[in-house]
Amino acid sequence: MIDRNAFRRQPDVLQAALSRRNMALVAEGSAWQRALALDVEQRRGKQQAEALQAERNRVSKLIGQKKRSGEDASGELARMAEVGAETTALDHKAKAAEEAFTQALLEIPNPLHDSVPDGDDEDANVELRRWGNPRADAVPNHWDIGGDRLDFEAGARLAGSRFSVLRGPMARLERALMQLMLDLHVDRHGYEEVWVPAIANRETMMGTGQLPKFEADLYRLAGEDAFLIPTAEVPVTNLYRGMVLEAAQLPIRHCAYTPCFRREAGSAGKDVRGLIRQHQFDKVELVQLVHPDTAHEALEQLTGHAEAVLQTLELPYRVVVLCAGDVGFSSEKTYDLEVWLPGQQCYREISSCSCFGQFQGRRAQIRFRDQPKGKPQAVATLNGSGLAIGRTLVALLENGWQPDGSVRLPEVLHPYMGGMQMIPAAGKGGAS
């Protein structure tokens, strides 16, 4: 949520930052314009309330004077009743205005950090660096390499399109990647591992910004105001919802494995084959809660932790900074890690590492005190995939493919795969 005080002190600055994302965000009828109008209404209501309180004090004083002098105060008493009714009506109006104002603020995205490059869409994202040497020879797509061990037909029978069943070495590779990533982030990078629910209530989803904007992309439980999580960011960040921390507790760094669920309502027709865009997928997530002054330093660090997984797995990749028109709703700055997929001859996103500033801290009421008796302020939050496991499996299949159909595994995975160094060539599979 944007800062209410900044909204009232510097609306022009915030509006300029929002307009960099998309001018429609500040156009007539937008949540921003509704918030501006409601703020004016609230200020007017406050002035009316102050005027009524002054009138109440004046009439109350006059009633006391008349009673002490034995005069008739019936007119003043009648006026006092009118003021009371007007005050009650104004209170109801103020409450409704506050609820509408809060709702409007919840629909306004995070203003961008000054360092985010301008641009309308992903074509304007800026490449920062590359690592590794992408193979340029002809390589089959991952669904042909995986063959009958990537069983999309069984997934469709069990759950519908964009679900899959992994068999044999593919299932073991999925599990091995989860264990490797968690071990790396815990043992080398110093994160505390947590195991969290895969279901979150509405308040939890609101805290990290999935609601109200992205409800169409979520799986909601029938008869309950609860949802399957789209990422571990949601429950892990909200572990501290409503809490006031001490500055000495920061930074807090967690990693978590969870299954993730997304309806992908806005991606009809995209990546309908294979494992790239599934409705259910596995991910290891990195989450940090930090002092606002260190947030962007922490973003560089967190991005490096995600890069370390790709380097450990010997997977070529590049880092891009997202432009203004491509940054997500809650983020103020995002780096994407894109792994090289030789079967598609392109780089594809495998991790997004984002700094949210104090946006989520305000929404989820996660605060800290700089001083023992200081006024609490919102923490800054960050997260990033470390990594998306299904897409990592895809990258390993395509980058490790051998002409005989087998797949070479990087050395770091051998102990996690029971000593297996190569995945044998598969039979035919189905990627429908």
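The values are calculated or read from the model by the stated rules, or taken from the named source; none is laboratory data. Note that the structure is a prediction, hence the values are computed from the model and not measured. Don't worry about glycine lacking a Cβ; one is built from the backbone with ideal geometry, like all the others, and counts go over all protein chains shown.
The table that follows gives values for the structure above.
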| quantity | calculated |
| --- | --- |
| Matching residues, segment 181-207, being under 18 Å from THR102 (Cα atoms) and out of contact with any strand residue (DSSP E or B) (no Cβ under 8 Å at 6 or more places or on another chain) | GLU203, THR204, MET206, GLY207 |
| Residue in segment 21-33 that is touching a Gly at 6+ places or on another chain (Cβ under 7 Å) and buried (at least 16 other Cβ atoms within 10 Å of the Cβ) present | yes |
| Hey, ASP114 under 29 Å from ASN5 (Cβ atoms), within 32 Å of the chain's Cα centre (by Cα) and not aliphatic (A, V, I, L, M) or not | yes |
| Counted residues, segment 378-408 - those being within 24 Å of the chain's Cα centre (by Cα), of a type outside the set (Ser, Thr, Tyr) and in a strand (DSSP E or B) | 8 |
| Qualifying residue in segment 171-187 (condition: modelled with pLDDT of 95 or more and assigned to a loop (DSSP other than H, G, I, E, B)) | no |
| Which numbered condition PHE101 fails, given (1) outside the structural domain of ARG44 (by TED's automatic domain parsing); (2) crowded, with 17+ Cβ neighbours inside 10 Å; (3) over 23 Å from GLU338 (Cα atoms) | (1) |
| Residue ID - farthest from GLY357 (Cα to Cα), chosen from residues in segment 89-124 that are small (Gly, Ala, Ser) and touching a residue at least 12 places away in the same chain (Cβ under 8 Å) | ALA94 |
| Those residues of segment 188-213 which are over 19 Å from LEU382 (Cα atoms) and part of a loop (DSSP other than H, G, I, E, B), in sequence order | PRO197, ALA198, PRO212, LYS213 |
| Residue among LEU245, LEU289 that alone is over 21 Å from the mean Cα position of the chain (by Cα), part of a strand (DSSP E or B) and more than 23 Å from PRO212 (Cβ to Cβ) | LEU245 |
| Residues being crowded, with 20+ Cβ neighbours inside 10 Å and more than 26 Å from the chain's Cα centre (by Cα) - total across segment 150-175 | 8 |
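Conditions tested, residue by residue: (1) assigned by TED's automatic domain parsing to the domain that holds THR208; (2) outside any loop (DSSP other than H, G, I, E, B); (3) touching a Leu at 6+ places or on another chain (Cβ under 6 Å).
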position: GLU300; (1), (2), (3): yes, yes, no
position: LEU310; (1), (2), (3): yes, yes, no
position: GLU314; (1), (2), (3): yes, no, no
position: TYR335; (1), (2), (3): yes, yes, no
position: VAL339; (1), (2), (3): yes, yes, yes
position: ILE350; (1), (2), (3): yes, yes, yes
position: GLY357; (1), (2), (3): yes, no, no
position: GLN360; (1), (2), (3): yes, yes, no
